[in-house]
Amino acid sequence: MAKEISDLTTIDLFSDEKRPGRPKTNPHSRSVQIKINKRNQVKRDKNKGLKRVEFKVHHSLFEQLETLAKAQNMSRSELIESLLIESLATKDN
């Protein structure tokens, strides 16, 4: 049975054709994957006893924190946490 010209557009004829790029490994769209990953991260943080805190700081303070964190080989989050712990410890004394 010969293939018709119009049959060249059907998907089943191209099912064994290799496509460029990485093959799809997840049934969810990227936006759904991001939501699932975020939800899982929040659960992991909660199990570790962590609580999310967000605040705004001036750009110059942000740069100072970034520089200090790099100098101490730690993340900005770890640096802020250690600074808060130090500050609260000195207030208690």
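The values are calculated or read from the model by the stated rules, or taken from the named source; none is laboratory data. Since we're looking at a predicted model, the values are computed, not measured. Don't worry about glycine lacking a Cβ; one is built from the backbone with ideal geometry, like all the others, and counts go over all protein chains shown.
Against the condition modelled with pLDDT of 95 or more and either at positive phi or of a type in the set (Val, Ile, Thr) (or both), how does Asn73 come out, does it pass? For Asn73, the condition - modelled with pLDDT of 95 or more and either at positive phi or of a type in the set (Val, Ile, Thr) (or both) - is met.
What are the residues in the range 52-68 that are free of Cβ contacts under 8 Å to residues at least 12 places away in the same chain and either among the aliphatic types (A, V, I, L, M) or in contact with a helix residue (DSSP H, G or I) (Cβ under 8 Å, 6 or more places away or on another chain) (or both), if any?
From the range 52-68, those free of Cβ contacts under 8 Å to residues at least 12 places away in the same chain are 52-64, 66-68; that's our starting set.
Arg52, Val53, Val57, Leu61, Glu66, Leu68 - these are the residues of the range 52-68 that are free of Cβ contacts under 8 Å to residues at least 12 places away in the same chain and either among the aliphatic types (A, V, I, L, M) or in contact with a helix residue (DSSP H, G or I) (Cβ under 8 Å, 6 or more places away or on another chain) (or both).
Sort out which residues of the range 44-60 are exposed (fewer than 10 other Cβ atoms within 10 Å of the Cβ) and not charged (D, E, K, R), and write them in order of number. Passing the criteria: Asn47, Gly49, Val53, Phe55, His58, His59, Ser60.
Within the set Asn40, Asn26, Asn73, the sole residue that is part of a loop (DSSP other than H, G, I, E, B), under 17 Å from the mean Cα position of the chain (by Cα) and of a type outside the set (Ser, Thr, Tyr) turns out to be Asn26.
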